[in-house]
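**Q** Can you keep this structure in mind? I'll have questions shortly.
The values are calculated or read from the model by the stated rules, or taken from the named source; none is laboratory data. All figures in this text were calculated on a predicted structure; none of them were measured in a lab. When we count neighbours, we look across all protein chains shown, and the Cβ atoms used for this are built from the backbone with ideal geometry, even at glycine. Note: areas computed on protein heavy atoms with side chains; ligands, DNA, RNA excluded. Shrake-Rupley method; radii C 1.70, N 1.55, O 1.52, S 1.80 Å.
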Amino acid sequence: MTNRGVAVSMLYPIMKSIARRGSDTDRFCEYASIDPAMLQDAEARIAGEELERIVRAAAEYTRDEFFGLRQGQMMEFADMGILGYVMMHSRTVADALAAYRRYNDILCSGFNLICETRGEDAYIRPVLQYPGTFSRHCVEDMASSVYQLIGKLSNVNVPLLEVRFAHEAPADIGPYREAFGIDPVFAAEDDVLRLKKELLNVPVLYSDSRLLSIFESLAQETSGDLARMSRFSEQVARRIKKSLPFSLPTLQDTAEFFGTSARTLQNRLKEENTTFQELSVRVRKELAEGYLRQGGLSVGDIAYALHFSEPSAFQNAFKKWTGLTPGQYRANVRKSGGNPEKPVYHGLPRQVVR
């Protein structure tokens with residue numbers, strides 16, 4: 001599978017946990033070399049290895065040998081975004097776990113769960129989907145959060161038959177007994193939670209088929225968007241969009257950002273049947289349409305924000321892109337209640353009108 005990284009929202013519970021301990025999150029960001037601005041970008045993704053590094057840094061910063069274990073115990077469905085709401089409104093615990101596996105790439109494509117049954121027992125295993133191994137804190141976070149969420153889904157006491165961890169036992173195993181109700185087996189062959197299979201069929205307390213349909217549609221859409229964003233051309237388009245209105249990046253600027261040459265960047269885009277010029281035009285067109293739909297901005301304002309030399313250059317470009325002048329487009333938006341009638345569009349122009 002394509003590794004799409006980890007949603008930056010996976011860092012929010014860490015920040016929440018640190019704040020609850022009375023620690024300063026800004027100081028932690030400095031300690032862990034986290035750019036605070038990144039936390040404000042809901043679309044940002046980080047590498048799975050980076051998440052592991054930050055979790056280890058949080059354990060060091062708080063001097064908590066059991067940071068991951070306790071972090072998992074505080075997990076809430078809201079912390080998981082759309083995925084959490086799909087799980088919360090699923091029909092049974094088994095359906096909720098299946099949804100976790102199906103849409104987990106929304107949160108982190110590098111980690112997932114395997115759930116299998118043998119005889120009367122069910123085995124739930126956290127798995128790593130890139131080369132390497134889980135840090136102790138991450139695997140304990142995942143195990144304790146899954147166990148807590150199963151209990152919240154079913155609203156029953158979930159007795160575990162066995163908990164196994166591949167890592168060595170710490171000196172104090174009391175916190176594990178508090179988290180799981182039993183003492184884990186350490187230095188095992190794998191990491192696993194074992195429980196009675198029948199518990200997977202327990203109805204979810206908050207199950208609502210209507211809400212499930214809504215949130216599952218959103219999850220499917222988000223997952224599809226991530227699949228598109230994993231394409232290099234979409235990463236380039238996003239870079240151009242984030243640069244505006246501060247600057248309109250050149251081919252050379254963008255190549256330097258991605259750590260490659262202009263020729264290599266163009267060749268990679270060619271493999272995806274596009275060019276840097278086409279992406280630049282697409283981004284400006286999409287932003288222009290958005291500004292015109294919002295209202296409140298003059299044609300001159302929009303031309304300035306999109307780095308056209310003058311309003312007439314923007315007007316000519318927009319007419320070439322859409323077949324409408326900016327004024328006609330805006331009038332159509334008003335008449336159609338937000339969905340302007342669009343003429344047949346035959347692709348992106350090769351040249352930007354300046």
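**Q** From ARG56, ARG63, which residue is open to solvent by 10 Å² or more (accessible area, probe 1.4 Å), closer than 30 Å to ARG177 by Cβ, of a type in the set (Lys, Arg) and touching a residue at least 60 places away in the same chain (Cβ under 8 Å)?
**A** Going through ARG56, ARG63 in turn, the sole match is ARG56.
**Q** Give the range 198-254 a look and list any residue that's farther than 30 Å from LEU287 by Cβ, open to solvent by 70 Å² or more (accessible area, probe 1.4 Å) and in contact (Cβ under 8 Å) with a residue 24 or more places away in the chain, or say none.
**A** GLU198, ASN201, PRO203, LEU205, TYR206, SER209
**Q** Taking the range 298-321, which residues are within 23 Å of LYS335 (Cβ to Cβ) and surrounded by 17 or more Cβ atoms within 10 Å (Cβ to Cβ)?
**A** Once the filter is applied, which keeps residues that are within 23 Å of LYS335 (Cβ to Cβ) and surrounded by 17 or more Cβ atoms within 10 Å (Cβ to Cβ), the range 298-321 yields VAL299, ILE302, PHE314, GLN315, PHE318, TRP321.
**Q** A follow-up question, please. Count, please, the residues in the range 1-25 that happen to be assigned to a helix (DSSP H, G or I) and more than 22 Å from the chain's Cα centre (by Cα).
**A** 2
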